[in-house]
1. Which whole-angstrom value gives the distance between the alpha carbon centres of region A:142-200 and region B:38-67?
2. Normalise the Debye intensity by I(0) for the protein assembly as shown, one equal point scatterer per Cα, no solvent, then take log10 at q = 0.09 Å⁻¹ and round to two decimals.
3. Sort largest first and round to whole Å: the equivalent ellipsoid semi-axes of region A:2-199, each the square root of five times a Cα gyration tensor eigenvalue.
4. Which of the lysines could be linked to residue A:20 by a straight reach, that is with a Cα gap under 19 Å, when you skip same-chain ones fewer than 8 residues away?
5. Applying 1/(1 + (r/R0)^6) with R0 = 45 Å to the Cβ-Cβ distance of residue A:114 and residue B:374, what FRET efficiency is obtained, to the nearest 0.05?
6. Report, in whole Å, the centroid distance computed from the Cα atoms of region B:333-393 and region B:559-589.
7. How many angstrom separate the Cα center of region A:85-124 from the Cα center of region B:143-215?
8. I need A:187, B:283 ordered by Cβ neighbour count within 10 Å, fewest first.
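Here, each number is a calculation from the coordinates, and none is a lab measurement. Source: prediction; values computed, not measured. Note: ideal-geometry Cβ built from the backbone for every residue, glycine included; neighbour counts use all protein chains shown.
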Amino acid sequence: MEKELENLALKNFEIEKAEKDHFGFWVYLMTDLLSFAAVFAAFAVLRNNTFGGPSGRELFSLPFVLIETFILLTSSFTCGLAMLAAQDGDKKKVITWFSTTFILGASFLVMEFTEFHKLIVEGNGPQRSGFLTSFFALVGLHGLHIFIGLLWMFIAMVMTQKRGLTIKSKSNLTRLSLFWHFLDIVWIFIFTIVYLMGVM
Amino acid sequence: MSLLFGRLTLADLPHEWFTVGGTATILLGLLGIAALLTYYKRWKWLWQEWFTSTDPKKIGIMYILFAAVMLFRGALDAAMIWAQQAMSVGSNHGYLTPAHFQQIFTAHGDIMVFFVTMGFLSGLLNLLIPLQIGARDLAYPFLNTLAFWLYVAGAIFINLFFVFGGNFAATGWLSLPPLSGLAYSPGVGVDYWIWSLQISGVGSLIAGINFIVTILKMRAPGMTLMKMPLFVWTSLCSMIMVVSIFPILAATLGMLWLDRYFGLHFFTSDFGGNPMMYINLIWMWGHPEVYVLILPSFGIYSEVVATFSQKKLFGYKSLVGGALGITALSFLVWAHHFFTMGAGANVNAFFGIMTGFIALPTGVQIFNWISTMYKGRIIYSQPMHWFFGFLATFTFGGMAGLLMSSPAADYALHNTLFLVAHFHTMIIGGALFGIFAGIVYWFPKFTGFKLDERWGRRAFWFWLVGFFLSFAPLYMLGFLGATRRLDHYDASMGWQGLFIVSAVGITVIGVGALCQVIQIIVSVKNRKQNLDLTGDPWNGRTLEWATSSPPPVYNFAVIPTVQTRDAFWEQKQSKTITKPVYEDIVLPRNTAMGMYVSAFVFLAGFGLVWHITWLIFFGLIGTVVCIVMRALDQNTEYIIPAVEVERMEQVWKKN
Ligand code: HEM
Ligand SMILES: [Cu+2]
């Protein structure tokens, strides 16, 4: 009797906690959006300050970025599939879809790294001009987020495998997927403002 | 550059009188404390009851004690600034070199804003928000300890140059580029500054999210938004501003760091950088920040005035509306800090008019408090003293702000001592007096006894007189053309008399602070005469007074149901006593993880200042590992069974 009551109090606590975590995570995402906004603003101010160096038109390859974009969008889709599976309580599918998401995310990161590497080797690193400074910072900040997301995804997958789909782990996966979609949306802005408008 | 120590060399270690003196004081102080703890065998107690606690009541007290220590440190800086300015005229160059003087006023400003005022406020919010909304804890107990320890880490960081050498930033409290760029500040001073603010700023951001979720999601049943006590409202507004602006600060500091560490060009004056962008960004954070500081104090005044006028607050809705109005407007006025930048007449006109508007919701608050007192039976106790002091000073400072909101006038007054007088009036007379009022008002709630009344009043009068003595001359000096941050001026200016009066004023304030220390000692000694056994020493109106003093760990044995605004007041009037039904209570366990994470962050920051690559990675990896360990921990709560709750409640009721 005593034991059961304890469990009830704890269970209510867990359910309430999941709800709070969800809301709190939204607040966090808004704050993160604002820090992105600040760096976006810096980019908007500095984008034409090439200081005699190359501009976006000379540096960006749209097809390459388009592939990056497709990879990231697809990863958002597979992340959504993983969450659907989580709702059905299908652990195996959750792991499968998150693994796919992970691979796609990692490929995106590798491509971004390649792009950065190429620019730096050609002498167009972030020290070259105000424009390149803000370009590397903005795209790099997004890349850093993707990296953190991948780390999180990896741990979440291991834990789901070990502990199953509990209230706690489902709430965790929900937040992870929010984070991932959020990064997707930020990327759309980067793609449009930095790359598309940079080339036009 | 060495692999092991980066840029840190023996030559950097303290060798000037002030750094050696600082180091010696800090080390001796720490040794003394350690000796006392060992002698009284209190290490374990300190660790278990305080350092690893997740109880917001304990964390709140730690915040306040720490902020008080920082206040002492900041005040020491202030005294040094004033002493220099009083004597450094004509052929006398004072006792400080210009470089040293610059570091002092930079440290003074940052310490007072980030570690004193923010620290006191975080403390009061921790203590009161859960109690006032009828909750048992904050939404995220772990994040709460983490925020506290990040704040402590940031505060240690700002004092670190004493011990590990190098210098502090000599760039003013906001370190504007290009001066703060690598080209003009090549040392580590600005890096210490960046990481001190970055670390504590992330702490504030986390705390902001925590409080918002707590207030929006954890109110007692029946407490709708429009039934929240005003302190909760103004804190909510303040925290909304915190989560909106601290990300901007983080990004801005990050960009300045990139400029300095990797030689990038966000804010440099060549290679296409733009220093003015920094000034815009930092004031987009900076202006709302001053309202972050003042709004919780507005809430405190509202509580104090209602309680001691023994009346319902007048114009609750307009007070809430005013706070929201201030919040919204404060995002639209940042450019009044640099009318002289030359953005053009239209831009200046827009920001000037918006700034003028802010005086409206602020004025509404003042009229509401006065109307609350009207026909009330006012009890002139200590918190009311601070409130009256605030009314006088704040109106004064507000008028000064309004004057500067006109760009034409501001061209003459910008960066003069008039401006310095304005914001000190607002922050000391507004925010700090409110904090003092709050501390005397809620002191019995958390200790079980009241503070001595006589010494409290003495402290108040010294503070008030000292305040006007030290800042009224600054208004005049501003009009006479004295710019801020002067380490020396010519005798023909005729300013010295006023500077000396001002220095005397600071001394009088010091006497006031001394009275406060005496007050605490006397109160602790005579606590038997001032015990508060009822939990409601002032005949209060809001829920925190419904608990025992000090409240039990779980705050409320039974979560109250709220029907009206002054929930506890109504409860007292109706006098219906229902037999409580106790339930099991889930509470967070202690954790040291917040402290460990902060320690690793601190190490990473130190590596970043001195370019010690291995230490940076060590700190970062440690941080990530700790956070993951905490996230995977499944044993973070414990349960107090209903019978135990009942027993604890019986003990209190019997007294
Ligand atoms: C009636 C409301 C207020 C108005 C109209 C107002 C107006 C202004 C203006 C126009 C300036 C810029 C002056 C210049 O740089 O030339 C200023 C600076 C400042 N104000 Fe206010 N203010 C108000 C309230 C406050 C409050 C409530 C606080 C703090 C609690 C505050 C703190 C400051 C600070 C810290 C600075 C400048 C610091 C610096 O330049 O380093 N003000 N204010
Ligand atoms: Cu302002």
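1. For region A:142-200 versus region B:38-67, the Cα centre distance is 38 Å.
2. Values returned for q = 0.09 Å⁻¹ are -0.98.
3. Details: eigenvalues 308, 65, 29 Å².
They are 39, 18, 12 Å, listed from largest to smallest.
4. A:11, A:168, A:170, B:217
5. Values: r = 72 Å, r/R0 = 1.60.
Computed FRET efficiency for residue A:114 and residue B:374: 0.05.
6. Using only Cα atoms to place each centre, the spacing works out to 36 Å.
7. Region A:85-124 and region B:143-215 have Cα centres spaced 34 Å from each other.
8. Working: A:187 23, B:283 20.
The fewest-first ordering by Cβ neighbours comes to B:283, A:187.
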